[in-house]
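Contents: one structure, followed by commentary.
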Amino acid sequence: MAPDTEYETHTHDVLVIGAGGAGLRAAIEASASGVSVGLVCKSLLGKAHTVMAEGGVAAALANVDERDSWKVHFADTMRGGQYVNNWRMAELHAKEAPDRVKELEAWGAVFDRTKDGRILQRNFGGHKYPRLAHVGDRTGLEMIRTLQDYGVHQGIDVYMECTIIRLLKDGDRVTGAFGYYRERGRFVLFQARAVVLATGGIGKAYQITSNSWEYTGDGHALAYHAGAELMDMEFVQFHPTGMVWPPSVRGILVTEGVRGEGGVLRNNKGERFMFGDIPDNYKSSTADTPEEGWRYVIGDKNARRPPELLTRDHVARCIVREVKEGRGSPHGGVFLDIAWIKEKIPNAPEHIKRKLPSMYHQFKELGNIDITTEAMEVGPTTHYVMGGVRVDGDTQVSTVPGLYAAGEVAAGLHGANRLGGNSLSDLLVFGKRAGEHAAKFARENGAARIPAGEIEAVVRWALEPFNRTSSEGPYQIQQSLQEMMQRLVGIVRREEEMLEALAGIEKLWERARRVGVIGNREYNPGWHTAMDLENLLTVSEATTRASLIRKESRGAQFRDDFPAKSDRFSHISIVERKAKDGSMEVAEVPIPEMPPELRQIIEEMK
Ligand SMILES: Cc1cc2nc3c(=O)[nH]c(=O)nc-3n(C[C@H](O)[C@H](O)[C@H](O)COP(=O)(O)OP(=O)(O)OC[C@H]3O[C@@H](n4cnc5c(N)ncnc54)[C@H](O)[C@@H]3O)c2cc1C
């Protein structure tokens, strides 16, 4: 039977790919400016990663501590990112996040409240003051619900369970996207004057991850193959606290909110090991004693934060060290204890259940652990990628005309390490900006043309796996890649291991080109995975190559063979693009000079 190469066509001014917080916010903004908007998502609307966000959204509202301001938030974000952030994005983010959160409230988000009725804010790692607006530990759910409710009334056309596999171009300009519906396997063409990528992260390139099946680096790879640049791909965040037991749930996130509410980390000797390793640049802002740390948790403004709330990169490495040196928990993690707060407050179990309801249920259901009476076992899990599409800080346009990126798929804001809570605010601030500027581009540029040959080529590529007879399926290749990235390009990296990974990726590319699938096109996850492999391999190669070039340790990148920071790399971003011969080109690009007034803020806050 001849393959069914037919496709349906939809035309929009702006096409938004991804319906998490960034995509929804971009779609709302574009639509509000009067252009027609299509919103595509790989799974059902509302099932994006954003819905899983637990701890909160960072914004200097100063509701709990009046000393907070956009300047402190800016300085915290830059320090957390080890000063290789896009400073313009860090500035805009800190200035605009409060308005974006208040706007969300005006659209119906029901945040937890202070006693006098304002949005409540909680402590989180790397934030000087309590800054995370939250809804228990289900903040992402409230955010998605609110954006969705608001968005569907704007007249946005939503295409669900639809995966984009190529961006299409006319000359230099992106003019649309091509994809398939997961359920029926039918192809679909979107013609658009501007495209916003909001596809989230790359966590599925690793074996242990908090990310769900969707996060195969699609947007990163789509942009790269369309000629856009990727930046900072060496910076992959390993969140210090994922579940480690039982094996079936390994990697599932344990929110930093547990530590924000007073949870402490202990090794198998019962020691709070984080007190033994406080980086110099955080010494002055970290508690000297457990007693001071607790006072901070309960809001004493003269106390400094406990070392459990140091940045994620550092806490993750301390946990790895404890485990390596034989002080780990029975299943290869360390202990995270929130139950201990019963020594300090009455009705602690009720308090824990109220502040961390999802964590309580997660451990009860998945691990048969009652976190109000027992310690959890936790260890690092691949969580977030700071790297992504290189964009202009103000407009979110990539280096390809007509192509925008926002949220986790875009690079810049977080530098070498993201602070918790800064992603949800990133989505709101830069989702809005991307939507606004994509709509402007669509209004100012003529109708889009799609070269016919491009569609035929992508259809042929997509259907090829059905014609191959290889006995190896896509899952074997995916698992080999995940295992290799975890082992060779993980939390602690060294040159010879990464070179081994690059050789391994080369071999996996060959295997992926031969991969075959069976069955038909109707809901065929094997076929979907065969296509995802190109994305996973592209982002894995980008991460490995960038890590090799950055010969230093900074934030999330820890090089065993270069354990210190280097001056040479302190003003450099690693940028990757596809060369004419199809190979991956890697360049060291200087970070633009920071204006004196921003530099002064950083100095004042040190
Ligand atoms: C468990 C967990 C807890 C977290 N907690 C917090 C927190 O408390 N605070 C915080 O700030 N951050 C948190 N984060 C991080 C934060 O949730 C994410 O970084 C953020 O939600 C990413 O949002 P996004 O809009 O960029 O993408 P996502 O919300 O990841 O959405 C991506 C969208 O793109 C779609 N998509 C992907 N590929 C394709 C394709 N090829 N075709 C079509 N559609 C596609 C997906 O279907 C989805 O709709 C957490 C993350 C996790 C996993």
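Calculate how steeply helix 139-152 sits against the longest principal axis of the alpha-carbon atoms of the chain, using the helix alpha-carbon long axis, and give the answer as 0 to 90 degrees to the nearest 10.
Once rounded, one gets 40 degrees.
Return the distance in nm (one decimal) between the two label points of a simple spin-label model at residue 589 and residue 464, each offset 7 Å from Cα along Cα→Cβ.
2.9
Report the net charge of residues surrounding residue 428, where surrounding means a beta-carbon distance below 12 angstrom and charges are Lys +1, Arg +1, Asp -1, Glu -1.
It works out to a net charge of -1.
With only Lys, Arg, Asp and Glu charged, each at its Cβ (+1 for the first two, -1 for the last two), find how big the charge dipole of the stretch 347-408 is about the Cα centre; round to the nearest 20 debye.
Around 100 debye, computed over the stretch 347-408.
Please compute the net charge surrounding residue 493, taking Lys and Arg as +1 and Asp and Glu as -1 over other residues with Cβ under 9 Å from its Cβ.
-3
Would you work out which of 348, 333, 297 lies farthest towards the positive end of the dipole of the stretch 241-378, given +1 charges on the beta-carbon of Lys and Arg and -1 on that of Asp and Glu, about the Cα centre?
Of 348, 333, 297, it is 297.
Find which of 434, 306, 19 sits farthest along the positive direction of the dipole of the chain, computed with +1 on the beta-carbon of Lys and Arg, -1 on that of Asp and Glu, about the Cα centre.
Selected residue: 306.
Given labels modelled 7 Å from the Cα in the Cβ direction, how far is it in nm from residue 597 to residue 170?
About 4.2 nm, to one decimal.
Peptides 305-313, 526-534, 111-119: what's the order by average Cβ count within 10 Å, highest mean first?
In decreasing order of mean packing, 305-313, 526-534, 111-119 become 305-313, 526-534, 111-119.
Calculate how many DSSP beta bridges within the stretch 482-606 are antiparallel, expressed in % of all such bridges and rounded to the nearest 5.
The antiparallel fraction comes to roughly 80 percent.
Rounded to the nearest 0.05, what FRET efficiency is calculated for residue 5 and residue 183 with R0 set to 22 Å and r the Cβ-Cβ distance?
0.75
Compute the long axis of helix 312-324 from its Cα atoms, compare it with the longest principal axis of the Cα atoms of the chain, and write down the angle in degrees, 0 to 90, nearest 10.
80
What does a probe at residue 549 reach in the stretch 576-606, counting residues whose amide N is under 15 Å from the point 7 Å along Cα→Cβ?
It comes to 576-580, 583-592, nothing else.
Classify the stretch 437-492 from the C-alpha gyration tensor, please: rounded if a/c falls under 1.5, else prolate or oblate depending on whether a/b exceeds b/c.
oblate
Among 543, 476, 572, which residue has its Cα positioned farthest towards the positive end of the charge dipole of the stretch 454-606, with +1 placed on the Cβ of Lys and Arg, -1 on the Cβ of Asp and Glu, and the dipole taken about the Cα centre?
With unit charges placed on the Cβ atoms, the residue in question is 476.
About its Cα centre, how strong a charge dipole does the stretch 81-125 have in debye, to the nearest 20, once Lys and Arg get +1 and Asp and Glu get -1 at the Cβ?
The calculated dipole for the stretch 81-125 is roughly 120 debye.
Per-residue counts of other Cβ atoms within 10 Å, averaged by peptide: what ranking do you get for 78-86, 33-41, highest first?
Answer by packing, highest mean first, reads 78-86, 33-41.
Within 15 Å, Cβ to Cβ, of residue 452, how many net charges do the neighbouring residues add up to if Lys/Arg are +1 and Asp/Glu are -1?
Computed value for this residue: 0.
Quick check on the chain: of the DSSP beta bridges with both residues there, what percent are antiparallel, nearest 5%?
For the chain, the DSSP antiparallel bridge percentage is about 65.
Please tell me the relative contact order of the chain in percent, rounded to the nearest whole number, where contacts are Cα pairs under 8 Å and at least six residues apart.
RCO, the chain: 21 percent.
Report, by chain and number, residues whose modeled amide H sits under 5 Å from the one on residue 553, excluding near sequence neighbours (fewer than 5 apart, same chain).
Long-range HN contacts for residue 553: 559, 564, 565, 566.
Output the 0 to 90 degree angle, nearest 10, between the alpha-carbon long axis of helix 452-467 and the longest principal axis computed from the alpha carbons of the chain.
On a 0 to 90 degree scale, this one is about 70.
Using the Cα centre of the chain as the reference point, and only Cβ charges (+1 on K/R, -1 on D/E), how large is the resulting charge dipole? Debye, rounded to the nearest 20.
Result for the chain is approximately 500 debye, rounded to the nearest 20.
Would you list 591, 298, 574, 369 from fewest to most Cβ contacts within 10 Å?
298, 591, 369, 574
For the stretch 297-350, just say rounded, prolate or oblate: build the C-alpha gyration tensor, square-root its eigenvalues into a ≥ b ≥ c, call rounded for a/c under 1.5, and beyond that prolate if a/b exceeds b/c, oblate if not.
oblate
Arranged from highest to lowest average of other beta-carbon atoms within 10 Å per residue, in what order do the peptides 469-476, 123-130 appear?
Listed from highest to lowest mean packing, they are 123-130, 469-476.
So what is the relative contact order for the stretch 550-606, in percent, with contacts set as C-alpha pairs under 8 Å and at least six apart?
22
Under 20 Å from the 7 Å Cα→Cβ point of residue 480, by amide nitrogen: which residues of the stretch 563-606?
none
Under the 0.36 nm per residue contour assumption, what length would be gained going from the current alpha-carbon distance of residue 106 and residue 487 to full extension?
Stretched out fully, the residue 106 to residue 487 stretch lengthens by 132.5 nm.
What shape does the stretch 389-538 have by the C-alpha gyration tensor, where a ≥ b ≥ c are the square roots of the eigenvalues, rounded means a/c under 1.5, and otherwise prolate means a/b greater than b/c and oblate the rest?
Oblate is the answer for the stretch 389-538, as a/c is 1.5 or above yet b/c matches or exceeds a/b.
Would you mind calculating the relative contact order of the stretch 386-473 from Cα pairs under 8 angstrom and at least 6 residues apart, reporting the percent as a whole number?
Computed over the stretch 386-473, the figure is 26 percent.
Coordinate-derived values only; no laboratory data. Remember, predicted model here, so these are calculated numbers, not experimental data. Cβ: placed from backbone, ideal geometry, glycine included. Neighbour counts: every protein chain shown.
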